[in-house]
1. Looking only at segment 149-169, count how many residues are within 10 Å of L24 (Cβ to Cβ) and β-branched (V, I, T).
2. I'm trying to understand the selection: among the residues of segment 367-384, which are more than 12 Å from the chain's Cα centre (by Cα) and farther than 16 Å from I72 by Cα?
3. Only one of these conditions is not met by L113: (1) surrounded by fewer than 19 Cβ atoms within 10 Å (Cβ to Cβ); (2) assigned to a helix (DSSP H, G or I); (3) more than 21 Å from the chain's Cα centre (by Cα). Which number is it?
4. Residue check: is L350 at negative phi and under 23 Å from the mean Cα position of the chain (by Cα)?
5. How about segment 43-57: which of its residues are outside any helix (DSSP H, G or I) and either closer than 20 Å to L205 by Cβ or of a type in the set (A, V, I, L, M) (or both)?
6. Consider segment 379-396. How many of its residues are under 19 Å from A80 (Cβ atoms) and either of a type in the set (G, A, S) or not in a helix (DSSP H, G or I) (or both)?
7. Which condition number does G230 fail, the rest of (1) farther than 29 Å from W362 by Cα; (2) without any contact (Cβ under 8 Å) to a residue 40 or more places away in the chain being met?
8. Given F75, F40, F60, F71, which one is in contact (Cβ under 8 Å) with a residue 12 or more places away in the chain and not in a helix (DSSP H, G or I)?
Amino acid sequence: MIFKPYDAFETGCGEHLSAVRLGLRANLAQFSLLVVVNAFVGAMVGMERSILPAIAESEFHLAARAAILSFIVVFGVTKALTNYLAGRLSDAFGRKSILVGGWLVALPVPFLLMNAPSWGWVLVANALLGVSQGLTWSTTVIMKIDLVGPRRRGLAMGLNEFAGYIAVAVAALATGYIAARHGLRPAPFYLGVAFVVCGLSLSLLLVRETRAHARYEAASSSAASPVSPGEVFLRTSFTDRNLSAASQAGLVNNLNDGMAWGLFPLFYAAAGLSLDRIGWLAALYPAVWGLSQLGTGALSDRLGRKWLIAAGMWVQAGGIVLVVLSGGMPGFAAGAVLLGVGTAMVYPTLLAAVGDVAHPSWRASAVGVYRLWRDLGYAAGALLAGLTADAFGLAAAIWAVAGLTFGSGLLVAVRMTETGRAASTSGA
């Protein structure tokens, strides 16, 4: 399959390009609806975040850290591969059908988690969750980029990630609270049933297709030569210095997030914290991350992408170091805040940078490749952290991830050029 420039007169979706308008204000209703949908997407991950490591230890008696973190490996690999497919499929078949399909895959997840008779069933649930997240989160990102056009891309990604990660925080806090009072299963996962029903209903009944907006932007841009999927993969992964720098930074960002997801609850428990306090800390990091993205996404539109990304990786490394050096709640909380701020500086800015560089005719596929590498970081982080923790202890694993995060920021500083203010388009 070759990605060709879109037809200048007809969208292929039953709508003429002349009827399409780009911009946040012109598409506010659909954009806002997609923000709400992405909140339910994030909540599906949040329901696991504070309690699944505890379930692994207390109900399935897993002692090895690598075994406990296996659910993150499964989630990360399936989500990463599905991200790649979601980009290509949404180019070929439209965004809405992929979004609805992702919610259908999520339907059995809360039921599997609340009734799993063995750890293998938990892994199956996380494989389905990874597929669902890859389809749903990827398409909400692509659809928002379609709607807003090039001028407010950073703001759009900030709002998207704000909604998703605030929902992660709220769901993590809620499930931790429920688990502390009603047990680890099944009560916390009743929330997941509500999340799936709401997300699927909104996506099926109210969300509208946005592929015409991408075609309108492509028709308004300079012509692009046909690009094969293989070339999109190579450009995004290796040959384009901006896209490849973004891909490695995304991978390392989610590597440290995978470590925080799997090891921080165990590290906090080893320090004597109760389950509800661990829930608060598990919620604090994505809450700061989500709220801060309201400012950082828009800031990248004004100041540029490169140095916000590099500095954000260094702030993340500092937050991780503060956690590992602390022995109690105040230091843990301060480290979680720093980690959240640093991630907010990086997360929407990386997506905006990919949108800056990739031509609209193959942008969805480039986003899919970037998100493939980014979410492989979950698996890499869980494997690295789990094996290092088993061999050398929890603290050593956390230190290793902090060093990798700092090094990733250095690589962005050396390899990446500015993309935001110039709004350059590779292949245009």
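1. Residues that pass the stated criteria total 0.
2. We begin by selecting, within segment 367-384, every residue more than 12 Å from the chain's Cα centre (by Cα); these are 369, 379-384.
Scanning segment 367-384 gives a single hit, V369.
3. Here L113 clears every test but (1).
4. Numbers: at negative phi: yes; under 23 Å from the mean Cα position of the chain (by Cα): yes.
Yes: the conditions hold for L350.
5. Start the filter on segment 43-57 by keeping residues that are outside any helix (DSSP H, G or I), which leaves 50-51.
Once the filter is applied, which keeps residues that are outside any helix (DSSP H, G or I) and either closer than 20 Å to L205 by Cβ or of a type in the set (A, V, I, L, M) (or both), segment 43-57 yields only I51.
6. 6
7. With (1) farther than 29 Å from W362 by Cα; (2) without any contact (Cβ under 8 Å) to a residue 40 or more places away in the chain applied to G230, the lone miss is (1).
8. Numbers: F75 fails: not in a helix (DSSP H, G or I); F40 fails: not in a helix (DSSP H, G or I); F71 fails: not in a helix (DSSP H, G or I).
Exactly one residue qualifies, and that residue is F60.
The values are calculated or read from the model by the stated rules, or taken from the named source; none is laboratory data. These numbers come from a predicted model, not from an experiment. In this analysis, Cβ positions are derived from the backbone assuming ideal geometry, glycine residues included, and neighbour counts consider all displayed protein chains.
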